[in-house]
Amino acid sequence: MARSASPRLPSALPYAAQVEIFSRFRAANPHPVTELEYTNAFTLLVAVALSAQATDIGVNKATKRLFQRVSTPQEMLELGVEALTDEIKTIGLYRQKAKNVIALSRRLVEEYGGEVPQSRAALMTLPGVGRKTANVVLNSVFHFPAQAVDTHIFRVGNRTRIAPGRDVEAVERAVEDNVPVPFQQNAHHWLILHGRYICQAKRPRCKICPIEDLCPYEEKTE
């Protein structure tokens, strides 16, 4: 029996709408940044790796003291897995995350001279580092317009048709393809914040949405 074809995705919003949407995002928040707290490329890499299945608030609480003690891969290795595990035990999956952080720190020391590499491919060879984590570091520290797609961006991209896609990599490509160049550097920050605080999963806050008149989502809330 032949399988039915998947429903066709709606097309992305036209260029003029994209310009207007991101112009409004920029006017409201000209310089968006990640809500994870960090001091350098290494601590951001660690913070993002720890944030999987955890909130930024929870990660920040766990890393506040940690990042006062540790700011380099060598210092992390000297801290050791047991002490690190104790520092981050309030975060979900903390035991495995501690092992990954120690392993990636060792890799950075042994293969990259203790520096965080500036390519997605190199970053993704590190234990516990996936594409999203690599893109956050590339964007926030190295100022490359990489698009780190999380659940918020996936939802907002499809719900608003700013960047529709069937999976996170498709949405990442859709952001790169459809968001005008002047907004690329900050696009993922604006979309994450929009999804976190306004275009929420269960009940989007459409009444206060700055792009409500441009959004084709049919099930708007009052």
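The values are calculated or read from the model by the stated rules, or taken from the named source; none is laboratory data. Being a predicted model, the structure only gives us computed values, none of them experimental. Positions of Cβ are backbone-derived with ideal geometry, glycine not excepted, and every protein chain shown enters the neighbour counts. What goes into the accessible areas is simple: the full protein's heavy atoms, side chains included, and nothing from ligands, DNA or RNA. Shrake-Rupley method; radii C 1.70, N 1.55, O 1.52, S 1.80 Å.
The table below lists the values:
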quantity: Chain lengthening between Val109 and Glu35 when straightened (0.36 nm per residue, less Cα-Cα); calculated: 23.9 nm
quantity: Rough spin-label spacing in nm, given labels placed 7 Å along Cα→Cβ, for Lys99 and Asp56; calculated: 3.0 nm
quantity: Surface accessible to a 1.4 Å probe, per residue, for the residues of the range 114-197, Å²; calculated: 39 Å²
quantity: Shape box of the chain [Cα atoms, principal axes, largest first, Å]; calculated: 54, 48, 31
quantity: Scaled radius of gyration (Cα, divided by 2.2 N^0.38 Å) that the range 69-157 gives; calculated: 1.16
quantity: Net +/- balance of residues flanking Phe42 in space, Cβ distance below 11 Å, scoring K and R +1, D and E -1; calculated: -2
quantity: Mean Kyte hydropathy of 0.0 or more with a Cα span along the axis of at least 18 Å, helices from DSSP in the chain; calculated: 15-28
quantity: Rounded accessible area of Cys206 (nearest 10 Å², 1.4 Å probe); calculated: 20 Å²
quantity: Percent carbon-and-sulfur accessible area, the range 122-202, ignoring ligands, DNA and RNA, probe 1.4 Å; calculated: 57 percent
quantity: Accessible area per residue, Å², the range 4-88 with all protein chains present, probe 1.4 Å; calculated: 55 Å²
quantity: Three-way shape call for the range 113-222 based on the alpha-carbon gyration tensor, with the a/c threshold at 1.5; calculated: prolate
